[in-house]
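Asker: Please see the structure below; I have some questions.
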Amino acid sequence: MKRGSCVFTVILFLFTFNLPALLATEPLQLFEPGTEEIIDYSRYGEFRNIGTSQYSYLIKDREGLARAAGEGVFPNASVLKDPVYKQLLKQGKLKGRHWDFVDTKDHRLNFYKWATAPESPDVKQYYTAIMFERLGMLKEAVKAYYSVVVHYPKGVSYTYWNSPFYLAQTCMDRIEILCRRNPDLGIKLVGARVTVRKGFDIDRSNDEIIVAPGRLIKVNRDDAAEKRREFSRDRIIKTIGGQKVKLVKYDSGHWQLLVDDKPFLVKALAYSPNMIGLSPHTGTVDPVRDWQNQDINKNNRIDGPYDSWVDANNNDQQDPDEKPVGDARLLHDMGCNTIRIYSHVLNQQLFRDLYKQYGLMLMIGDMAGCYATESGATWEKGTDYEDPKQIKRMLANIEKMVKENKDEPYTLCWVLGNENVYGVGNNSDKKPEAFYKFIGQAVDLIHKLDPGHPVAICNGDLKFLDILAGYAPQIDIFGCNAYRGSFGFGRSLFNNVKEIMDKPVIITEYGCSAYADGFTQDEIFNFQSEYHRNNWEDIEYNSCGSGSGNALGGVAFEWLDEWWKANEDLPDRIKQQKKVWYEKRQDEYNKKDDLAGAFKHDSVPQFGAPFLDGWSYEEWYGFCSQGDGYSSPFKRQLRPVYEMYRKVWNK
């Protein structure tokens with residue numbers, strides 16, 4: 001991919017949310033430190049039209065503002081006089097494009113490169129702020145992030161998937177998170193608001209960005225973070241659902257999910273524990289269904305949920321003390337209360353038992369035509385949301401889902417689609433109005449058949465959010481798959497949904513690869529854990545009682561590495577070899593046969609993503625590895641992210 005394009009620029013914005021475990025411990029010495037820790041912008045210029053789309057800040061004393069800001073913060077340009085910068089420049093250590101200094105481990109070099117980059121001033125300041133943060137210079141980072149809000153609040157570009165990305169909102173998120181996680185800074189951002197109207201549709205020329213920059217203030221340590229409110233005495237003004245599962249909205253505008261009249265924060269995983277050797281590309285498995293009936297060792301129990309065992313010492317052998325424990329027990333011990341099922345063809349007896357024994361509830365999904373499923377469309381043409389026959393087929397399938405599962409104790413909610421708006425196997429990226437009109441029809445149908453459970457959509461981040469609000473306002477929960485990086489979601493994702501749709505939010509997927517080219521295993525595992533910790537922290541912070549107050553929980557992606565996802569383009573010879581291997585494996589599941597030659601854990605990058613090396617490795621998202629692949633589907637090698645969640649979800 002070519003760097004420098006508008007699309008790739010924002011991909012790099014997202015990539016910058018990396019390397020938290022690799023922060024430099026020693027801050028660099030600034031040539032010209034700022035004279036003010038918190039800049040009083042009113043002394044150096046004039047704020048105009050605050051709270052409108054005509055907002056601006058006019059500098060009247062540029063020299064004074066530069067002294068107050070200090071090196072690296074607009075409009076200070078003293079970095080060009082910095083002896084260290086001159087020395088590094090002379091030594092040739094700053095050669096190359098500034099985009100090559102985004103995620104290198106030498107944050108000092110990154111800082112000097114970005115502070116002098118020939119880039120638009122908003123992007124330049126944003127990356128300089130990130131480098132301050134990585135250097136551990138948090139007060140300078142807060143100043144630099146806030147500089148973007150004051151001077152450049154209307155910058156917008158696009159992610160890898162072409163959803164809009166508003167820079168000032170992210171800078172506000174970073175300030176809030178840094179001050180919340182580091183209360184000793186004694187800083188808080190108050191009164192800041194950047195509202196985007198008509199920003200999440202197809203027409204980018206009609207964006208209206210309303211800006212109130214607020215101000216940074218000094219606070220006591222205990223006041224650095226918003227205090228969580230107690231909602232037990234607040235008035236409920238809206239209820240959705242039935243006796244067992246219901247959504248409630250309080251007069252404060254906060255949302256909460258209740259199960260059996262008790263608060264229920266969704267702590268979920270995507271769960272598809274497929275045996276190595278099975279692949280939809282070879283016609284040997286439906287990856288979201290077949291594991292539910294898999295009994296390879298023929299003991300009349302489903303393999304993954306009941307018979308998996310933990311390879312505690314990672315020696316790829318089942319030692320005498322490594323008895324079967326089952327994924328269901330491991331999930332329960334971790335604090336997981338929900339699993340997301342992408343298809344509603346269910347082994348109902350299995351899920352009744354998992355609910356009875358372990359309390360696991362289900363987010364039950366219908367692909368709603370994504371990946372050309374359930375519509376009758378071919379893969380080549382994809383689902384057409386303007387085709388009445390395909391609409392009829394999909395609605396019939398949804399009706400079947402609801403009728404079969406609406407009275408089951410394990411049902412938590414219905415989920416329509418899986419980031420359809422990216423246009424994989426369907427035309428919703430080109431016809432979003434038609435897609436969301438269909439979603440509205442599906443929601444109406446489900447509400448008629450089952451008023452007892454809320455209905456969610458699974459969107460791709462916030463793409464087309466304005467169009468969704470116009471064509472399917474009856475949706476109960478806004479769900480989205482969001483891979484924004486290890487810094488988390490901040491408040492802006494939840495605020496944007498609140499302002500445009502006033503809906504509660506479930507992050508229906510978030511996570512990252514446990515593989516990266518050029519990094520050690522410890523670095524990768526630390527990053528994966530930090531990524532999940534920060535993402536979950538923002539979900540919890542924005543749940544009922546604090547933040548935006550509309551987060552209902554999230555679905556971590558995913559439980560177990562899936563070894564088939566990088567095999568779309570395999571030659572027919574290899575596909576046939578894998579199919580033969582699988583058929584042989586059915587009867588000799590624990591023997592070391594031709595596995596290595598027939599199937600491997602591919603480290604092929606699929607697309608750009610905000611992970612350690614900038615790429616997503618689709619076969620490596622698991623909380624558990626399958627080791628060398630032998631003893632699949634039973635062996636589990638737990639990664640550190642499992643223990644992290646066990647502590648966080650059980651606190």
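Values quoted throughout were computed directly from the atomic coordinates according to the rules given, and no laboratory measurement underlies them. What you see is a predicted model; the values in this text were computed from it and never measured. Positions of Cβ are backbone-derived with ideal geometry, glycine not excepted, and every protein chain shown enters the neighbour counts.
Asker: So how do ASP61, ASP184, ASP384 line up by other beta-carbon neighbours within 10 Å, fewest first?
Answerer: Ascending Cβ contact count within 10 Å gives the list ASP184, ASP61, ASP384.
Asker: Quick one: go through the range 159-181 and flag any residue whose amide nitrogen is under 20 Å from the point 7 Å out along the Cα-to-Cβ line of GLU499.
Answerer: Only 159, 163-178 fall inside the zone, counting backbone N under 20 Å.
Asker: Counting only other residues whose beta carbon sits under 15 Å from that of ASP82, what net charge do I get with K and R as +1, D and E as -1?
Answerer: Here the count lands on +3.
Asker: Please report, in whole Å, how far the alpha carbons of the range 71-134 spread along each principal axis, starting with the longest.
Answerer: Projected onto the principal axes, the Cα atoms of the range 71-134 cover 28, 25, 20 Å.
Asker: Could you name the lysines whose alpha carbon sits less than 17 Å from that of LYS565, not counting residues in the same chain fewer than 8 places away?
Answerer: LYS575, LYS578, LYS579, LYS600
Asker: Further question on the same structure: Would you mind telling me the antiparallel percentage of the DSSP bridges in the chain, rounded to 5?
Answerer: 45 percent
Asker: Still on this structure, I have one more. Mind checking the angle between helix 167-181 and the chain's longest principal axis? C-alpha axes, 0 to 90 degrees, to the nearest 10.
Answerer: 90 degrees
Asker: Need the list of aspartates and glutamates near LYS198 for cross-linking: C-alpha distance under 12 angstrom, and skip anything on the same chain fewer than eight residues off.
Answerer: Cα-Cα hits under 12 Å: ASP207, GLU208, ASP466, GLU499.
Asker: To the nearest 0.05, what FRET efficiency results for ARG301 and VAL648 with a Förster distance of 22 Å applied to their C-beta separation?
Answerer: 0.15
Asker: What three numbers, in Å, describe the spread of the alpha carbons of the range 137-243 along their principal axes, ordered from the longest?
Answerer: 51, 42, 25
Asker: For GLU140, GLU562, what's the fewest-to-most ordering of other Cβ within 10 Å of each Cβ?
Answerer: GLU562, GLU140
Asker: Filter the cross-link list LYS113/LYS188; LYS154/LYS463; LYS238/LYS403; LYS298/LYS635; LYS124/LYS218 down to pairs whose alpha-carbon distance in this structure exceeds 20 Å.
Answerer: Among LYS113/LYS188; LYS154/LYS463; LYS238/LYS403; LYS298/LYS635; LYS124/LYS218, the Cα-Cα distance tops 20 Å for LYS113/LYS188; LYS238/LYS403; LYS124/LYS218.
Asker: Against the empirical 2.2 N^0.38 Å scaling, what ratio does the C-alpha Rg of the range 371-509 come to?
Answerer: Ratio of Cα Rg to 2.2 N^0.38 Å: 1.03.
Asker: Give the calculated FRET efficiency between ASP290 and ASN220 to the nearest 0.05, with a Förster radius of 51 Å applied to their Cβ-Cβ distance.
Answerer: Approximately 0.35, to the nearest 0.05.
Asker: Using r as the Cβ-Cβ distance of LYS86 and ASN206, and R0 as 45 Å, what FRET efficiency do you calculate, to the nearest 0.05?
Answerer: 0.45
Asker: A follow-up question, please. Based only on the alpha carbon positions, what is the Kirkwood hydrodynamic radius of the range 202-323, in angstrom?
Answerer: One decimal place: 21.4 Å for the Kirkwood radius.
Asker: Quick check: net charge around TYR250, other residues with Cβ under 14 Å of its Cβ, Lys/Arg +1 and Asp/Glu -1?
Answerer: Surrounding charge for TYR250 is +4.
Asker: On to the next question. Please compute the Kirkwood hydrodynamic radius over the range 6-223, one decimal place, Å, based on all pairs of different Cα atoms.
Answerer: 17.9 Å
Asker: In whole angstrom, note down how far apart the Cα centers of the range 463-517 and the range 49-75 are.
Answerer: That distance is 32 Å.
Asker: Follow-up. Cβ under 13 Å from SER53's Cβ, SER53 left aside: what net charge do those residues give with Lys, Arg +1 and Asp, Glu -1?
Answerer: +3
Asker: Quick check on my link table: of LYS381/LYS437; LYS143/LYS262; LYS86/LYS143, which ones sit more than 32 Å apart, alpha carbon to alpha carbon?
Answerer: LYS143/LYS262
Asker: Using only Cα atoms, what is the ratio of the radius of gyration of the range 438-495 to 2.2 N^0.38 Å?
Answerer: For the range 438-495, the normalised Cα radius of gyration comes out at 1.28.
Asker: Expected output is a single nm value to one decimal: the length gained when fully extending between GLN474 and SER252, i.e. 0.36 nm times separation in residues minus the C-alpha distance. What is it?
Answerer: Result for the pair: 77.8 nm of gain on full extension.
Asker: Along the charge dipole of the chain, which of ASN49, VAL402, MET367 sits closest to the positive end, that is, farthest toward it, with unit charges on the beta carbon of Lys, Arg, Asp and Glu (+1, +1, -1, -1)?
Answerer: Most positive-ward Cα: ASN49.
Asker: Rank-order 546-554, 241-249, 466-474 by packing density, defined as the average count of other C-beta atoms within 10 Å over each peptide's residues, highest first.
Answerer: Most protected by this proxy first, the peptides run 546-554, 466-474, 241-249.
Asker: Note down the Stokes-Einstein diffusion coefficient of the range 254-400 in µm²/s, whole number, using a Kirkwood radius over alpha carbon pairs, 37 °C, and 0.692 mPa s.
Answerer: 185 µm²/s
Asker: Just want the ordering: SER147, SER205, from fewest to most Cβ atoms lying within 10 Å of their own Cβ.
Answerer: The most exposed by this proxy come first: SER205, SER147.
Asker: Per residue, what volume in Å³ does the convex hull of the Cα atoms of the range 438-542 enclose?
Answerer: Enclosed volume per residue, from the Cα hull, is 116 Å³.
Asker: What 222 nm value per residue comes from the helices of the chain, counting each DSSP H run with n ≥ 4 as -39,500 (n - 2.57) and dividing by all residues, nearest 500 deg cm²/dmol?
Answerer: The helix-only estimate for the chain comes to -9500 deg cm²/dmol at 222 nm.
Asker: Moving on to the next point. Leaving out same-chain residues fewer than 8 places away, which aspartates and glutamates sit with a Cα under 16 Å from that of LYS392?
Answerer: Correct list for LYS392: ASP366, GLU374, ASP384, ASP444.
Asker: Using every Cα-Cα pair within the range 194-249, state what percent have a distance larger than 13 Å.
Answerer: 78 percent
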